[in-house]
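S.K.: Following this message is one structure expressed as structure tokens.
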Amino acid sequence: YVPALDALIRLEISEGKLDTALKLARQMQSQQPKSPIGYSREAEIHTLQQRHAQAIEGYERALALGAGSSSLIALHDALHRVGKAKEADHRLADWLHKNPSDLVVRSYAAGYHALNGRRHEAIKHYEQIVSQAPNSALALNNLANLYLEVKDPRALKTADRALKLDPANPLILDTRGWILVEQGHASQGIELIRSALAKYPEHPTIRFHLAVAQLKLGDRAAAKSELERLVNQKQDYPEAEQAKT
């Protein structure tokens, strides 16, 4: 019974019993040779053991048997880990060309491109997501941030759409507030950023945005206090170097 065996494999993995999990995964492959699950689980185990070449083989076999989004994403990551970035990106693009409605992989691709500084590629993916899922507040929020980074005038309207869908989300409150600050409306923006920080007080990016807004409004002492707190925490976040500067 595949679901029960798969649950057992995942349980063994969660308890760190990787050798036992691997035996069960191969048992599944033998008993269900046309199911991709056994190969996906074996690849997952190899990944946990830093055996990325073997993981790639497993994910390839799983995909050949009809595995879905999670296996493609895992394959992309594994290919990157063995230095095959171009092949990884080709497989990602090819998958989306053949499966344009796969919002799971498209969201992954959007985030991946944004993280690597390919803002315009990320924007295209988020625009596609929003066209298919117009009520995705998270996608709209991420798109608004990217629009701001490339100085696209649609940033504020996009943030407004996100906020309307999820008005209590601190990340969305922060995005709209930060856009206002960046567009020269710091007194309006800081109120939204403060609301975001009240809901998520330990988020370093929101705290950095508050410090910048305070600086723009001439409150240097408050801004310095926020920045010192951030720098002394030694957290890893995108604006860390800017905070030090």
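The values are calculated or read from the model by the stated rules, or taken from the named source; none is laboratory data. Please read all numbers here as calculations on a predicted model, not as lab measurements. Using ideal geometry, Cβ is built from the backbone for each residue, glycine included, and neighbour counts are taken over all protein chains shown. Each accessible area value is taken on the protein alone, full model and side chains, heavy atoms only, with ligands, DNA and RNA left out. Shrake-Rupley method; radii C 1.70, N 1.55, O 1.52, S 1.80 Å.
S.K.: Taking only region 49-69 into account, find how many residues are assigned to a loop (DSSP other than H, G, I, E, B), open to solvent by 30 Å² or more (accessible area, probe 1.4 Å) and either touching a strand residue (DSSP E or B) at 6+ places or on another chain (Cβ under 8 Å) or of a type in the set (A, V, I, L, M) (or both).
M.R.: 1
S.K.: Same structure, new question: Could we say that Ala223 is within 18 Å of Ala155 (Cα to Cα), modelled with pLDDT of 95 or more, over 24 Å from the mean Cα position of the chain (by Cα) and open to solvent by less than 20 Å² (accessible area, probe 1.4 Å) here?
M.R.: The answer is no for Ala223.
S.K.: How many of the residues making up region 191-245 are under 17 Å from Gly177 (Cα atoms) and of a type in the set (S, T, N, Q)?
M.R.: Of the residues in region 191-245, 3 are under 17 Å from Gly177 (Cα atoms) and of a type in the set (S, T, N, Q).
S.K.: Right, something else. Among the residues of region 216-236, which ones are basic (Lys, Arg) and part of a helix (DSSP H, G or I)?
M.R.: Lys216, Arg220, Lys224, Arg229
S.K.: Output the qualifying pairs, or none if there are none: Cβ atoms under 6 angstrom, residues six or more apart or on different chains, first residue in region 172-189 and at pLDDT 95 or above, second residue part of a loop (DSSP other than H, G, I, E, B) and open to solvent by 10 Å² or more (accessible area, probe 1.4 Å).
M.R.: Correct list of pairs: Ile172/Asp166; Ala186/Leu217.
Residues are listed down the side, and each one gets a yes or a no for (1) in contact with a helix residue (DSSP H, G or I) (Cβ under 8 Å, 6 or more places away or on another chain); (2) open to solvent by 60 Å² or more (accessible area, probe 1.4 Å); (3) within 25 Å of Gly111 (Cβ to Cβ); (4) modelled with pLDDT of 95 or more:
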| position | (1), (2), (3), (4) |
| --- | --- |
| Gly38 | yes, no, no, yes |
| Ala43 | yes, no, yes, yes |
| His46 | yes, no, yes, yes |
| Lys84 | no, yes, yes, yes |
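S.K.: Please determine whether any residue of region 238-245 is open to solvent by less than 90 Å² (accessible area, probe 1.4 Å), part of a helix (DSSP H, G or I) and closer than 23 Å to Gly117 by Cα.
M.R.: For region 238-245, residues open to solvent by less than 90 Å² (accessible area, probe 1.4 Å), part of a helix (DSSP H, G or I) and closer than 23 Å to Gly117 by Cα: present.
S.K.: In addition: Go through (1) within 18 Å of the chain's Cα centre (by Cα); (2) farther than 30 Å from His52 by Cα; (3) open to solvent by 50 Å² or more (accessible area, probe 1.4 Å) one by one and return the number of the condition Asp77 breaks.
M.R.: Evaluating Asp77 over (1) within 18 Å of the chain's Cα centre (by Cα); (2) farther than 30 Å from His52 by Cα; (3) open to solvent by 50 Å² or more (accessible area, probe 1.4 Å) leaves (2) as the failure.
S.K.: Read through the list (1) closer than 27 Å to Gly38 by Cβ; (2) in a helix (DSSP H, G or I); (3) among the aliphatic types (A, V, I, L, M), then give the number of the only condition that Ala114 fails.
M.R.: Unmet for Ala114, out of (1) closer than 27 Å to Gly38 by Cβ; (2) in a helix (DSSP H, G or I); (3) among the aliphatic types (A, V, I, L, M): (1).
S.K.: So which of Ala93, Ala109, Ala137 ends up being touching an Asp or Glu at 6+ places or on another chain (Cβ under 6 Å), without any contact (Cβ under 8 Å) to a residue 60 or more places away in the chain and either among the small types (Gly, Ala, Ser) or surrounded by fewer than 18 Cβ atoms within 10 Å (Cβ to Cβ) (or both)?
M.R.: Only one candidate qualifies: Ala137.
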